[in-house]
1. In Å², what does the accessible area per residue of the chain work out to with a 1.4 Å probe?
2. Could you work out what % of the accessible surface of the chain is carbon and sulfur, using a 1.4 angstrom probe and leaving DNA, RNA and ligands out of the count?
3. Dividing the convex hull volume of the Cα atoms of the chain by its residue count, what figure in Å³ per residue is obtained?
4. So for region 48-143, averaging the separation of alpha carbon pairs under 8 Å that are six or more residues apart and normalising by length, what relative contact order in percent results?
5. Non-local amide H neighbours of V3 (under 5 Å, H modeled in plane, Pro and chain starts lacking H): which ones?
6. Let me know the shape class of region 1-117, please: from the alpha-carbon gyration tensor, a ≥ b ≥ c as square roots of the eigenvalues, rounded when a/c is under 1.5, otherwise prolate if a/b is greater than b/c, or oblate.
7. Scan around T101 for amide H atoms under 5 Å from its own, H built in the peptide plane at 1.01 Å from N, and keep only partners 5 or more places away or cross-chain.
8. Can you work out D for region 85-182 in µm² s⁻¹ from Stokes-Einstein, where Rh is the Kirkwood radius over C-alpha pairs, the temperature is 37 °C and the viscosity is 0.692 mPa s?
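The values are calculated or read from the model by the stated rules, or taken from the named source; none is laboratory data. The model shown is predicted, which means the values in this text are computed figures rather than measured ones. Cβ sites come from the backbone with ideal geometry, for glycine too, and all protein chains shown count toward neighbours. Ligands, DNA and RNA are stripped out before the accessible areas are found, and what is left, the full protein with its side chains, is counted by its heavy atoms. Shrake-Rupley method; radii C 1.70, N 1.55, O 1.52, S 1.80 Å.
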Amino acid sequence: TPVVLLTSGTVQGGVPVDQQSNVIARMHRTVEEAVETSGLGWTLLRPGEFMANSLDWAPQIRATDVVRAPYGDARWAPVHERDIADVAVQVLTTDGHFGATYELTGPETITYHERARLIGEAMGRPVRLQEITPDLARSAMVVRGVPAAVADTLLALTPTGVERPEPVLPTVRELTGGPGRTFAQWARENKAAFERH
């Protein structure tokens, strides 16, 4: 029976659980190891940030057209959730993927400022990102129910995208034959979540 496990791009390949660099990676690597030793045929998908994470901004945008977040210039290559699904279908329905690990990104690097602007363009009204301190962002995350250790990990990872923009990987194109969906496309598809009702 083939198993395709959706895990995380935070996992460092070839590194034991207890030596992974953060709590998110340790959690995912624990599950990866369980699948790898299960006796089943397996493939690991390690996407980076999901475009759908931007839905966390919806209440702010509906209320004020302003996103309050730190590190607005961090450049990441978020992946569309449908591209992840397309890769999973390909892996499950074609041969040659057992024992493989695929890291997935979207087709472009994009800042948080640019994401806010593109959400606004999809709705036809201006949306902007206002930078706040990491401490304020952490407090807001914890109030929303994010465990403190996860919030700390996310806030430690985010600024690395300022110093070293995430590289765009060719994996989605290689496995699906398509270029991968852009954030602008995602914003158009999801604009109803950000519109005032």
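1. Dividing the accessible area of the chain by its residue count gives 51 Å².
2. Summing carbon and sulfur atoms, their accessible area is 56 percent of the total for the chain.
3. 130
4. Computed value for region 48-143: 40 percent relative contact order.
5. G41, W42, T43
6. Note, shape of region 1-117 comes out prolate.
7. L44
8. So the translational diffusion coefficient is about 199 µm²/s.
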